[in-house]
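So the structure is just underneath, and the comments pick up after that.
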Amino acid sequence: MTESLAKGKGVVAIDGPAGCGKSTVAQMLARRLGYIYVDSGAMYRAVAYRASQAGLDAERDAQEIGNLAGELTFEFQQVGDEQHLFGDGEDVEEVIRSVEVGNLSSPVSAIPAVREHLVAAQRQMAAPGGVIMEGRDIGTVVLPDADLKVFLTATAGERARRRWRQLQEQGIIEDYEQVLRDQLERDKRDSSRAVAPLRPAEDARELVTDELTVQQVVDVLESWLQDALARGGTDAQGT
Ligand code: DC
């Protein structure tokens with residue numbers, strides 16, 4: 001790692017639609033730089049999981065789900081080679097990755113009170129610096145002053161293929177067409193909702209990942225961060 005990356009203790013915001021590869025990339029970059037990795041989507045999934053356990057419905061019980069999001073404590077911990085999310089001390093990493101929780105997390109994440117609580121928790125996590133946070137609204141809402149803001153994209157077909165492969169590896173058998181339909185449905189909901197819709201920050205740098213390996217994407221982001229820290233943050237880049 002170069003000296004300025006270590007010294008700069010930079011803050012990186014990575015946003016993009018489901019399946020664009022941002023989790024893998026953010027995790028690898030964090031490991032390479034010795035930064036903390038925050039998967040904000042996991043936190044929305046944890047709230048959705050808790051809500052479903054409590055028999056709550058995103059539309060009918062928005063207020064209760066908002067309260068639940070405020071009471072839940074979040075902690076990311078390293079477990080072997082992976083980072084797991086603990087909600088109220090319970091390792092929820094596996095249960096929050098199911099297709100059902102994924103689908104449920106979309107309407108749950110559209111509840112304004114849920115977002116308020118989670119955004120506050122995310123800002124606290126980023127405060128010490130040396131953080132890579134990924135999600136949908138990190139550059140626009142959570143960390144608008146991040147040193148580097150990145151918007152990663154990939155075509156819908158490519159994203160669905162990646163997701164389908166990932167599910168297969170986890171032993172979850174889903175029809176590809178169904179994965180694509182779910183993906184398009186979630187994209188639509190995430191980018192058309194009233195609160196914190198998915199969109200690039202004005203000063204975000206965009207990267208389409210279809211033709212790139214994970215390694216190549218990580219290399220690009222590392223050099224962008226190096227640039228940003230050398231110039232004193234995203235605003236100073238004039239991008
Ligand atoms: O990235 P993911 O699929 O694990 O995210 C789960 C859900 O949470 C998804 O519907 C988008 C939503 N989300 C959000 O609204 N804001 C974020 N910062 C991260 C995720």
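FYI, it's all coordinate maths here, none of it is from the lab. Note that the coordinates shown come from a computational prediction; the quantities given were computed from them, not determined experimentally. Here the Cβ is made from the backbone with ideal geometry for all residues, glycine too, and neighbour counts use every protein chain on show.
At a glance:
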| quantity | calculated |
| --- | --- |
| Amide H partners (placed H, <5 Å) of GLU206, local residues excluded | PHE151 |
| By average C-beta atoms within 10 angstrom, highest first, the peptides 146-153, 209-216 | 146-153, 209-216 |
| Using θ = phi - 60° and Karplus 6.51 cos²θ - 1.76 cosθ + 1.60, couplings along the range 149-154 (whole Hz; Gly, Pro as x) | 10, 10, 10, 9, 9, 7 |
| Stokes-Einstein diffusion coefficient of the range 1-105, Kirkwood radius over Cα pairs, 10 °C, 1.306 mPa s, in µm²/s | 104 µm²/s |
| Stretchable slack from GLN178 to HIS84, in nm (0.36 nm times residue separation minus alpha-carbon distance) | 31.1 nm |
| Those lysines that a straight Cα-Cα span of less than 19 Å connects to LYS9, excepting residues fewer than 8 apart in one chain | LYS149 |
| On Cα atoms only, tilt of 40-53 relative to the major axis of the chain in degrees | 10 degrees |
| J(HN,Hα) series, the range 196-202, from Karplus relation 6.51 cos²θ - 1.76 cosθ + 1.60, nearest Hz, glycine and proline x | 6, x, 5, 7, x, 5, 4 |
| Distant-in-sequence amide H partners of ILE36 (H built 1.01 Å from N, under 5 Å) | VAL131, ILE132 |
